[in-house]
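The values are calculated or read from the model by the stated rules, or taken from the named source; none is laboratory data. Keep in mind that what you see is a predicted model, and the values were worked out from it rather than measured. Quick reminder, even Gly has a Cβ in these numbers, built from the backbone with ideal geometry, and neighbours come from all protein chains shown. Ligands, DNA and RNA are excluded from the accessible area calculation, which covers all protein heavy atoms including side chains. Shrake-Rupley method; radii C 1.70, N 1.55, O 1.52, S 1.80 Å.
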Amino acid sequence: MNRLKISTLLCLLCISAPTWAMKSDTKQPIYIDSDSQQVDMPNNIVTFIGNVKLRQGTIDIRANKVVVTRPNAKSQQQTIMAYGKPATFHQIMEDGKPLDGEALKMRYETSTERLKMTGKAELNQDGSNIKGNIITYNIRDQRLVAESGNQERVTTVILPSQLNNNKK
């Protein structure tokens, strides 16, 4: 097996099979609080600056800056870009366990329920964690891919208790 396949397998073990995202999260309204906002109406872009807090169901994103691009004639997709030092991601799974992540930049595509974390990306759940330059997490399908950067490696820590729980 190549390193990417091994890393992906370990990542999937880290996020245990019975742990699913709250299905209702992405059907909820998105609430955004910030110190200020700027609206570009012709391009359907809203920029939120300063202590930004974005919530959708149990999803909670915190950042220094968030840029929301709404569907328009050029694109039918809504995207949310979050920037921070780091920006953080939090979600409660169906089993009640939290999933937490952080990165310098995050891109959340609402229609595909895909979160891409770039730059010092880290995802934590129940004591286990994954670190890499890029972590892509498909919320709907519960699929995760972690990639390393130049001269770096993906690092995964899995607690023995989680491996035992997956055998049940």
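Remarks
- Remark: region 25-165 is approximated by an ellipsoid whose semi-axes, taken from the C-alpha gyration tensor as √(5λ), come to 27, 17, 14 Å, largest first.
- For Thr110, the residues 5 or more places off, or on other chains, whose built amide H falls under 5 Å of its own are Gln78, Ile80.
- Taken one residue at a time, the phi angles of region 94-107 give Karplus couplings (6.51, -1.76, 1.60, θ = phi - 60°) of 4, 7, x, 7, x, 10, 10, x, 8, 6, 6, 9, 10, 10 Hz. Gly and Pro are set to x.
- Length gained when the stretch Ser24-Ile45 is fully extended (0.36 nm per residue, less Cα-Cα span): 5.0 nm
- Other residues with beta-carbon under 11 Å from the beta-carbon of Met81 carry, at +1 per Lys or Arg and -1 per Asp or Glu, a net charge of +3.
- Karplus-derived 3J(HN,Hα) values for region 119-132, using 6.51 cos²θ - 1.76 cosθ + 1.60 with θ = phi - 60°, are x, 6, 6, 8, 10, 10, 8, 6, x, 8, 8, 10, 10, x Hz; glycine and proline are entered as x.
- Leu115 accessible area, assembled protein chains, probe 1.4 Å, Å²: 0
- With a threshold of 21 Å on the Cα-Cα distance, the over-threshold entries among Lys85/Lys120; Lys65/Lys131; Lys65/Lys120 are Lys65/Lys131.
- Rounded to the nearest 10 Å², the accessible area of Tyr83 at probe 1.4 Å: 80
- Most positive-pole-ward Cα, Ala87, Asn150, Gly132, against dipole of region 25-165 from beta carbon charges: Asn150
- Taking the Cα centre of region 57-168 as reference, the dipole from Cβ charges on Lys and Arg (+1) and Asp and Glu (-1) amounts to some 320 debye.
- For Asp40, solvent-accessible area (1.4 Å; no DNA, RNA or ligand), Å²: 50
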